[in-house]
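Chemist: Take this structure, written in structure tokens, and hold onto it; I'll ask about it next.
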Amino acid sequence: MTDPRHGGIAVLDFGSQYTQLIARRVREQNVYAEVFPFDAAPEKINAHQPRGVILSGGPSSVYEEGAPQLPRWLFSRITQQADFPTLGICYGMQALTHALGGVVASSAAREYGPAQIAQHGDNPLLRNLPHELQVWMSHGDRIEQPPAGFVGLAVSDHSPYAAMGDIHRQLYGVQFHPEVAHTPLGADILHNFLFTICGCEANWSPSTFIDDAVQAIRQKVGTERVILGLSGGVDSAVAGALLQQAIGSQLTAIFVNTGLLRKHEPEDVVRVFRDQQGMNLVAVDATEDFLDQLRGITEPEAKRKRIGKLFIDTFADQARQLAAEGVHFLAQGTIYPDVIESAASSKSSKTIKSHHNVGGLPPDLAFQLVEPLRDLFKDEVRKVGTALGLPDAIVWRQPFPGPGLAVRCLGEITWERLETLRAADAIFTGELEAAGLLRLGTAQSFAVLLPVKSVGVMGDNRTYEEVIALRSVTTDDFMTADWARLPYDLLARVSNRIVNEVRGVNRVTYDITSKPPGTIEWE
Ligand code: XMP
């Protein structure tokens, strides 16, 4: 069988915040894509025999001192052999133009945001697309004079060469960003490049990613042992299942039950990972320690600090025991959005945001990191999780804050109040699941226990009990959010069930605040 990593696309990174997005858009069309620094060694890039190359955007200006330039090997190959289809995007197009003798100039008006382009003539890159299409622009410089052999393929108001190509040598450039969602037909343009121009085959899938990652993990750790922190969340779960497949008995996972998880979560983690996946799992029940630390604390930031510290201490105790046994690899479920690209660096170096779970490990625990999901986006991680056989309940879990139910149990945290909150939350999310609204339709839905009591009447008796607020939001990026317009019948059913089934709650409210000005969590 041929290696599905062969015949894909090499993406050369010139420092754009969208570079990984380009690779992901290629993978979405089932073609292997790998990102390399623009100045990576050609042997490294050619190891997987790419059919073509995409040059990313970047923050520089080609004439600036130290600006990243088209690598020499690529220049030789596209000018001498003309057998390597190349697509330059934004800065990538300018670097291509500059290297091949065209003229790039800074335009007086920076073009940023939506723009219309109009194509002229038939060409393989824009074939089967409408004559006029909407694209997303983000550039200062533009092409004044394309290199010899190139013709303009499309214009916009501000860019005489919004797209250009040398059809004979299979070299193309676009001034706009086909990889972002604001270019609605961007996928069709990439499709033309991948299949019509490069002749790629659509043979890349989550299972090929898994084969590849398994090999890479084995190569990195050899016969050594690895620790993994399992939170029950999607990312660490998928990383865990992947490591289990790669190195099985060499892996030890640590799961800290803080007592602040949702109903049945701790049991589910043990059932899925220890019983079903056969993982070496150390499950630490630290519930009492966390309750002790949180006793009498009502201020949200104080809760967060105490939880963060105790979590690290508990995890570190376990990790230290393993380190003493000679373990020095630590696996993390870091995914691409956790890794921030530094757009400011012309060397396209990366600054890593410390992952909140393990960022604060004490200095005596200097592990070597294994991060098999670093290049993936959340939806890709979910596909991999499903391909690894993880249940939907884990793969499709909604995001859950690190401090857990502590930030949803307003006021003092006691075991009894946590149990009340868990029961109400399970009813709400269970009804949403039954209505098909947990996986699609809402991005985050949960119950909050308020720090007030209210008067009610049950039978002939006056009651004075706790209040549950329901929160359900829609959002793409969690930076802004809107409250979900849930069906009234569903809200009515949830409210009835909570008041009838959860002891100590006599009132249910629904939060209709958007973000901003509200936040998604209440604390
Ligand atoms: P907010 O409440 O700021 O939440 O609108 C945005 C997203 O972040 C999650 N969140 C947290 N996640 N530790 C976390 O790991 C935290 O302290 C924390 N606070 C909020 C929240 O659930 C939502 O998805």
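Chemist: Which residue pairs have Cβ atoms under 7 Å apart, sit 6 or more places apart or on different chains, and have a first residue in segment 510-523 that is at pLDDT 95 or above and a second that is within 8 Å of the ligand (Cβ to nearest atom) and assigned to a loop (DSSP other than H, G, I, E, B)?
Modeler: Pairs found: ILE520/PHE478; GLU521/PRO401.
Chemist: Out of segment 104-158, which residues are among the polar types (S, T, N, Q), touching a Phe, Trp or Tyr at 6+ places or on another chain (Cβ under 9 Å) and assigned to a strand (DSSP E or B)?
Modeler: Looking only at segment 104-158, we keep the residues that are among the polar types (S, T, N, Q), and these are 106-107, 116, 119, 123, 128, 134, 138, 145, 156.
Next cut, touching a Phe, Trp or Tyr at 6+ places or on another chain (Cβ under 9 Å) only: 106, 123, 138, 145, 156.
Once the filter is applied, which keeps residues that are among the polar types (S, T, N, Q), touching a Phe, Trp or Tyr at 6+ places or on another chain (Cβ under 9 Å) and assigned to a strand (DSSP E or B), segment 104-158 yields SER106, SER138, GLN145.
Chemist: Hey, can you tell me all the residues within segment 101-133 that are within 25 Å of SER61 (Cα to Cα) and either open to solvent by 20 Å² or more (accessible area, probe 1.4 Å) or of a type in the set (D, E, K, R) (or both)?
Modeler: Those that are within 25 Å of SER61 (Cα to Cα) and either open to solvent by 20 Å² or more (accessible area, probe 1.4 Å) or of a type in the set (D, E, K, R) (or both): GLY101, VAL103, ALA105, SER106, SER107, ALA108, ALA109, ARG110, GLU111, TYR112, PRO114, GLN116.
Chemist: For the structure I just gave you, tell me whether ASN257 is under 30 Å from LEU410 (Cβ atoms), among the polar types (S, T, N, Q) and surrounded by fewer than 20 Cβ atoms within 10 Å (Cβ to Cβ).
Modeler: Numbers: under 30 Å from LEU410 (Cβ atoms): yes; among the polar types (S, T, N, Q): yes; surrounded by fewer than 20 Cβ atoms within 10 Å (Cβ to Cβ): yes.
Yes: the conditions hold for ASN257.
Chemist: In segment 206-237, how many are under 24 Å from LEU365 (Cβ atoms), part of a helix (DSSP H, G or I) and of a type in the set (Val, Ile, Thr)?
Modeler: 2
Chemist: I would also like to ask the following. With the checklist (1) under 24 Å from LEU418 (Cα atoms); (2) within 16 Å of the ligand (Cβ to nearest atom); (3) exposed (fewer than 15 other Cβ atoms within 10 Å of the Cβ) in hand, flag the one item ALA492 doesn't pass.
Modeler: The failed condition is (2).
Chemist: Restricting attention to segment 470-477, does a residue exist that is away from the ligand (no atom under 14 Å from the Cβ) and surrounded by 16 or more Cβ atoms within 10 Å (Cβ to Cβ)?
Modeler: First pass over segment 470-477, keeping only residues away from the ligand (no atom under 14 Å from the Cβ): 470.
If we keep only those that are surrounded by 16 or more Cβ atoms within 10 Å (Cβ to Cβ) as well, we get 470.
The answer is yes, given that some residue of segment 470-477 is away from the ligand (no atom under 14 Å from the Cβ) and surrounded by 16 or more Cβ atoms within 10 Å (Cβ to Cβ).
Chemist: Something else now. Among the numbered criteria (1) open to solvent by less than 40 Å² (accessible area, probe 1.4 Å); (2) in the same structural domain as ASP188 (by TED's automatic domain parsing); (3) within 17 Å of PHE195 (Cα to Cα), which single criterion is violated by PHE38?
Modeler: Result: PHE38 fails condition (3) only.
Chemist: Out of the residues in segment 223-249 that are open to solvent by 40 Å² or more (accessible area, probe 1.4 Å) and modelled with pLDDT of 95 or more, which is nearest to GLU34 (Cα to Cα)? Before you say what the answer is, go through the steps one by one.
Modeler: First pass over segment 223-249, keeping only residues open to solvent by 40 Å² or more (accessible area, probe 1.4 Å): 223-225, 231, 245, 249.
Next, only the ones that are modelled with pLDDT of 95 or more stay: 223-225, 245, 249.
Numbers: THR223: 27, GLU224: 27, ARG225: 28, GLN245: 23, SER249: 30 Å.
Selected residue: GLN245.
Chemist: Report whether or not SER514 is more than 16 Å from the ligand (Cβ to nearest atom) and surrounded by fewer than 16 Cβ atoms within 10 Å (Cβ to Cβ). Let's see the steps before the verdict.
Modeler: On the way: more than 16 Å from the ligand (Cβ to nearest atom): no; surrounded by fewer than 16 Cβ atoms within 10 Å (Cβ to Cβ): yes.
Answer is no for this residue.
The values are calculated or read from the model by the stated rules, or taken from the named source; none is laboratory data. Small disclaimer: the values here were computed from a predicted structure and weren't measured. A quick note on method: Cβ atoms are made from the backbone with ideal geometry, for glycine too, and the neighbour counts reach across all protein chains shown. Note: accessible area is taken over every heavy atom of the protein model, side chains too, but ligands, DNA and RNA are not part of it. Shrake-Rupley method; radii C 1.70, N 1.55, O 1.52, S 1.80 Å.
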